[in-house]
């Protein structure tokens, strides 16, 4: 007699729910409506005959049974992915669809150089790209919606293998002729209050800039933050403050037609660009080759 078994999608949804601890956030990470996501979890619970999570208005608490089952769910999803990867390898390395997540402070600078190079090196590769914050991309990776992610370190990641690619130094960015700062002669600990503009909470570039550029005095950081790099540069171009941009932004369209000038910082002010994938992936060697290609195309 055949048993009714959970679908891979149901297991992926449940893994995402455990990762996010919130139905709405998990549904958004899986790109489905909250109602469809909730229904899938309820169907999974009915199928298994156990309650996986306790629900309240503000949070989700995984039950003891749910904690035990999520580990097995990850193994099941990983085994199925391994089956697919095995079939793909028969067609040659880096062939077929590959789902790559990239953070928005890397994508506009590195992808225009990397994608054409990857297309020439691996003509059978079909690269699908998704842009999001590091935390969201990691959740999608663990849920099986992405194959690997291109991110910046440091960032705490669980259950992944990381290939460090290259260092991306920070540069001071300010409007030409600004009176807010002497860009060639200043100290981090002597910046004016509210003078440093950064991206809003959730973007790892904000944390990296604070750490790498030694912004110990929080009073120097403006209460106004930008939702994206374009807005950040526009605020600097209006001389509302200064900021710190990754070196890979040099010569990009982001700074074109602006009065924003950049100045190198010390060698200790940098972030590290890395590629990450799930631990135990059967495609680790392939992903490593892609990492080598990304490093080469970056010019680092």
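Here are the numbers for the structure shown:
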quantity: Candidate set: the range 215-230, residues that are surrounded by 14 or more Cβ atoms within 10 Å (Cβ to Cβ) and without any contact (Cβ under 8 Å) to a residue 40 or more places away in the chain; chosen: the one farthest from residue 175 (Cα to Cα); calculated: 215
quantity: Search result, residues across the range 156-167 that are modelled with pLDDT of 90 or more and either more than 22 Å from residue 78 (Cβ to Cβ) or assigned to a loop (DSSP other than H, G, I, E, B) (or both); calculated: 164, 165, 166, 167
quantity: Number of the condition not met by residue 280 [criteria: (1) under 22 Å from the mean Cα position of the chain (by Cα); (2) farther than 21 Å from residue 140 by Cα; (3) at pLDDT below 85]; calculated: (2)
quantity: Test for residue 110: is it touching a residue at least 60 places away in the same chain (Cβ under 8 Å), outside the structural domain of residue 13 (by TED's automatic domain parsing), under 30 Å from residue 32 (Cβ atoms) and in contact with a helix residue (DSSP H, G or I) (Cβ under 8 Å, 6 or more places away or on another chain); calculated: yes
quantity: Residues that are at negative phi, surrounded by fewer than 20 Cβ atoms within 10 Å (Cβ to Cβ) and within 18 Å of the chain's Cα centre (by Cα), drawn from the range 25-34; calculated: 25, 28
quantity: Tally of residues being over 20 Å from residue 228 (Cα atoms) and either in a helix (DSSP H, G or I) or touching a residue at least 12 places away in the same chain (Cβ under 8 Å) (or both) across the range 113-144; calculated: 21
quantity: Which listed residue, of 283, 259, is in contact (Cβ under 8 Å) with a residue 40 or more places away in the chain and assigned by TED's automatic domain parsing to the domain that holds residue 134; calculated: 283
quantity: All positions within the range 180-192 that are in contact with a strand residue (DSSP E or B) (Cβ under 9 Å, 6 or more places away or on another chain) and modelled with pLDDT of 75 or more; calculated: 180, 181, 183, 184
quantity: Members of the range 2-24 found to be part of a helix (DSSP H, G or I), surrounded by 14 or more Cβ atoms within 10 Å (Cβ to Cβ) and free of Cβ contacts under 8 Å to residues at least 60 places away in the same chain, listed by number; calculated: 9, 10, 14, 17, 18, 23
quantity: Qualifying position, being in the same structural domain as residue 71 (by TED's automatic domain parsing) and in contact with a strand residue (DSSP E or B) (Cβ under 6 Å, 6 or more places away or on another chain), among 18, 32; calculated: 18
quantity: Looking only at the range 246-261, and only at residues there that are part of a strand (DSSP E or B) and in contact with a helix residue (DSSP H, G or I) (Cβ under 8 Å, 6 or more places away or on another chain), the one that is nearest to residue 162 (Cα to Cα); calculated: 246
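One line per residue, one yes/no per condition, for (1) at pLDDT 85 or above; (2) surrounded by fewer than 11 Cβ atoms within 10 Å (Cβ to Cβ); (3) touching a helix residue (DSSP H, G or I) at 6+ places or on another chain (Cβ under 6 Å):
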residue	(1), (2), (3)
36	yes, no, no
48	yes, no, no
52	yes, no, yes
81	no, no, no
96	no, no, yes
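The values are calculated or read from the model by the stated rules, or taken from the named source; none is laboratory data. The model shown is predicted, which means the values in this text are computed figures rather than measured ones. All Cβ positions, even for glycine, are placed from backbone atoms using ideal geometry, and neighbour counts span all protein chains on display.
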